[in-house]
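K.L.:
Here you go, one structure.
Values quoted throughout were computed directly from the atomic coordinates according to the rules given, and no laboratory measurement underlies them. Nothing here was measured: the structure is a model prediction, and the numbers come from that model. Neighbour counts are summed over all protein chains in view; Cβ atoms, including those assigned to glycine, are modelled from backbone coordinates with ideal geometry.
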Amino acid sequence: MKKKKLILIVSAVVMTFSITTSKVNASSEKNPLSTITPVSEKKKNIDIRYYEQFFDQKSAKNYIIQEYNKELNFLINIFGNDGASIDNPQFQNFLMSDLNYDKLDNERLRELSGIIDIYENYEKNKEIEILKNELNSQTANTNSISNQNIIQNKLEILMPMSDNNDNIFEIMAKYNNGYNPTKAIEYAHKWANGFNTTKYAKYNGDCANFVSQCLFEGGMKAYYKDHWPIVGNIIQESKKNWYFYDENNGKHPSYTWTGASEFFEHWWKQRSATKTNTLSLFSVGDPVGCDWKGDGDINHMVIIDGKNGNTADTITYSGHTSARMNEPIKTLFNSQAGTKLYALKVDGALN
C-alpha cells in the first residue's frame, strides 16, 4: 500500500484581528508553544470571553508538524483522507478523541491531543472577535434589538463555558421524560467494542456518534427544527437539531449527533440538561464531556456505565473512538493535565 503523506492546507488569506492579551505563558516568546489568553471584555451586558491560544500560530503549526510527523502520518492513514490537515476541524476532532494505538507512544498521543486543543482555539477566537464587532455595530442601531440578541446567543454558545455547575438541583430517581439509562448502557456494552453499521454509521472521530446512539436507544427523542419530528429534507447546521436519519441507506447525522462540542451544546443549551463537575452527582447513563485542557471547550464524549462510589476510581465509562468499556474515569483525568469532566443530567432534559 502506498504510504500517504501529510498534506498541509494553508490558506493564502490571513484574517487579522486585534485583541488585548494577557502575559505570555512561557519563559520565552521564542518557545513555539508559548501561549496567551486574550483579556475578557464587557460588551452590552455580556462578558466577551476568549480561549487560550498560541502566541505565534504559524510557529506552533510548524513545530507540531515537525515534532509529531510520525504520529500525524500514521493517524492520517487511519483517518483515511489524503487532504487531512491540522487545520481541518474534523481531523482536529479525531486527534482529540482519546486515541490509543499499539504502534504509537500513547503518551505522545496525549501530548499531541492537548496541543491541538490549544491550536484550534485560534480560529474560535477569530469567530468570537467577528461576532463582538458585529455586536458593536448593531448596538449603535437602536432598532436592532433582535439582531443583538441573536449575536449574543451565538457568542454564548461559541465562548468558553464557565466551570461552575449549572442549575444543580436535587437529583431524583426519575424525571419521567422517557430516558431509560439501563437500556442506554445495555446498548453501550453491546457496541463498545464494535460498530452498529446496520443501523448507524461509523466515523473516524466516533465518540459523540456512539454516545448519541446510546441516548437514542435509551429513549431520548430526535429533534428536527426544534420540537418537530424528522420529516422532509434535513438541515444539519442548526444546534437545535439532533438526529440520525437513514433514508435508503443514506446516513445523515446532524452535527450535534457526531461532534463532541456540538453534542454538549445541544443538550445543555437547547434541551435543558444541567451540567455538573461534581463526581457525587454523576449517574449511570449520564453523557460526560471531557475538556482536556480546562479551557472551557468540550473535546470528547463518553457515557457513564457504572458507579460504585463517588471517586474517579469507582465511576466507569464506555466510549469510542478507541474502544472503552467499564473504564474508570480516572483514566480520563490522567489523559491530560488540567482535564475537567462535566456530566449532563439527561434524565431531566426536554424530550
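K.L.:
Pop out the ³J(HN,Hα) list for the range 124-137 in order, Karplus 6.51 cos²θ - 1.76 cosθ + 1.60 with θ = phi - 60°, rounded to Hz; leave Gly and Pro as x.
P.N.:
5, 5, 5, 5, 4, 5, 4, 5, 4, 5, 5, 5, 4, 5
K.L.:
Students often check this: by mean Cβ neighbours within 10 Å, which of 59-71, 285-297 ranks highest, and how do the rest follow? Before the final figure, lay out the partial values.
P.N.:
Numbers: 59-71: 16.2, 285-297: 23.4.
Packing proxy ranking, top to bottom: 285-297, 59-71.
K.L.:
A further question follows. Checking the table LYS154/LYS345; LYS190/LYS221; LYS30/LYS293; LYS132/LYS340; LYS70/LYS269; LYS199/LYS240 against a 30 Å threshold on Cα-Cα, which pairs fail? Walk me through the numbers on the way to the answer.
P.N.:
Working: LYS154/LYS345 23 Å; LYS190/LYS221 21 Å; LYS30/LYS293 22 Å; LYS132/LYS340 27 Å; LYS70/LYS269 39 Å; LYS199/LYS240 23 Å.
Over 30 Å apart, Cα to Cα: LYS70/LYS269.
K.L.:
Moving on to the next point. Using θ = phi - 60° and the Karplus relation 6.51 cos²θ - 1.76 cosθ + 1.60, list the HN-Hα couplings for the range 300-316 in order, rounded to whole Hz, with x at every Gly or Pro.
P.N.:
Running phi through 6.51 cos²θ - 1.76 cosθ + 1.60 with θ = phi - 60° gives 7, 10, 9, 10, 5, 10, x, 8, 10, x, 10, 10, 5, 7, 10, 10, 10 Hz.
K.L.:
Turning to a different aspect of this structure: Ranking request for peptides 98-110, 305-317: highest mean number of other beta-carbon atoms within 10 Å first, then the rest in descending order. Before the final figure, lay out the partial values.
P.N.:
Values: 98-110: 14.3, 305-317: 16.8.
Top to bottom by mean Cβ count within 10 Å: 305-317, 98-110.
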